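Below is one structure, written out as structure tokens; comments come after it.
Just so it is clear, none of the values below were taken in a lab; they were calculated from the coordinates. Predicted, not measured: the structure shown is a model, and the values here were computed from it. Please note: Cβ atoms are built from the backbone with ideal geometry, for glycine as well, and neighbour counts cover all protein chains shown.
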Amino acid sequence: MDKKRIVIGISGASGAIYGIELLKVLKKLDTIETHLIISKAAGITIKQETDLSVGDVQALADVVYQVDDIAAAVSSGSFVHHGMIIAPCSIKTMSEVACGITSNLISRAADVTLKEQRKLVLMLRETPLHAGHLASAQKLASMGAVIAPPVPAFYNKPTSIDEIVKHSVGRVLDMFDIGADIVKRWK
Ligand SMILES: Cc1cc2nc3c(=O)[nH]c(=O)nc-3n(C[C@H](O)[C@H](O)[C@H](O)COP(=O)(O)O)c2cc1C
């Protein structure tokens, strides 16, 4: 495998822009191959929150799967990849993964990523969080997943939404050793 394969799930939490920015950044890197799954609810948030269509977002990825295609390559542990990012991750998708419920291709691919001991990062977007949400997040962390809510940093003095989004996306890519040069780092 020449390129690093990264699986990206976009679920229906607010912040579709995080998944979109991730795809845009990775598209510029010819060492990365992106495999994208968009949930049905994410189709609604993409429409509500951005000027793009689902097709526009899919066009940013190298390989696209339908969320109900449970027979897709990423459904199997024998399909080798370098990790999965769910950006943004809804409470529903996080809860499914925490319980091993694999009702669609995003939760199945995430479950497989964990069982194969590959990196799984969930950009969980909800607030406030009740005890059940926190218990699911804790369970996932103990299973090896990284819970990475896209909480903005301000030490880098962002002046636009774009900078805020890029910072969170860049910090997630740091976890995969993918340098995209979009993080204003503290020195
Ligand atoms: C505009 C919009 C914003 C939403 N924001 C959130 C959110 O921030 N976090 C969340 O957990 N769910 C949010 N939801 C609800 C999820 O879309 C819903 O729970 C859905 O079932 C998630 O399905 P999925 O995880 O398969 O995408 C939002 C829904 C809409 C329509």
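For the chain, a crude dipole built from +1 on the beta carbon of Lys and Arg and -1 on the beta carbon of Asp and Glu, taken about the Cα centre, is about 460 debye to the nearest 20. A simple packing score, the average count of other Cβ atoms within 10 Å per residue, orders the peptides 169-182, 46-59 as 169-182, 46-59, with the highest score first. Between THR113, THR159, THR34, which gets the highest mean-square fluctuation from a Gaussian network model of the chain, Cα cutoff 10 Å? Of the options given, THR159 has the highest mean-square fluctuation.
Listed by chain and number, the aspartates and glutamates whose C-alpha is less than 20 Å from the C-alpha of LYS184, apart from same-chain residues fewer than 8 away, are GLU21, ASP162, GLU163, ASP174.
Of interest is the spacing of the C-alpha centroids, which for the range 16-91 and the range 118-187 amounts to 17 Å. Across the range 1-41, the volume of the C-alpha convex hull divided among the residues equals 48 Å³ per residue.
Calculated [222 nm] ellipticity per residue, helices only, for the chain: -11500 deg cm²/dmol; basis is -39500 (n - 2.57) per DSSP H run with n ≥ 4, divided by all residues, nearest 500. Grouping the Cα pair distances of the chain into 5 Å bins from zero gives a pair-distance distribution of 1, 8, 18, 22, 22, 16, 9, 3, 1, 0 percent in increasing distance order.
Inter-label distance, LEU134 to ASN156: 2.8 nm, where each label sits 7 Å from its Cα along the C-beta direction. Ranked by the mean number of other Cβ atoms within 10 Å per residue, highest first, peptides 89-100, 61-72 order as 89-100, 61-72.
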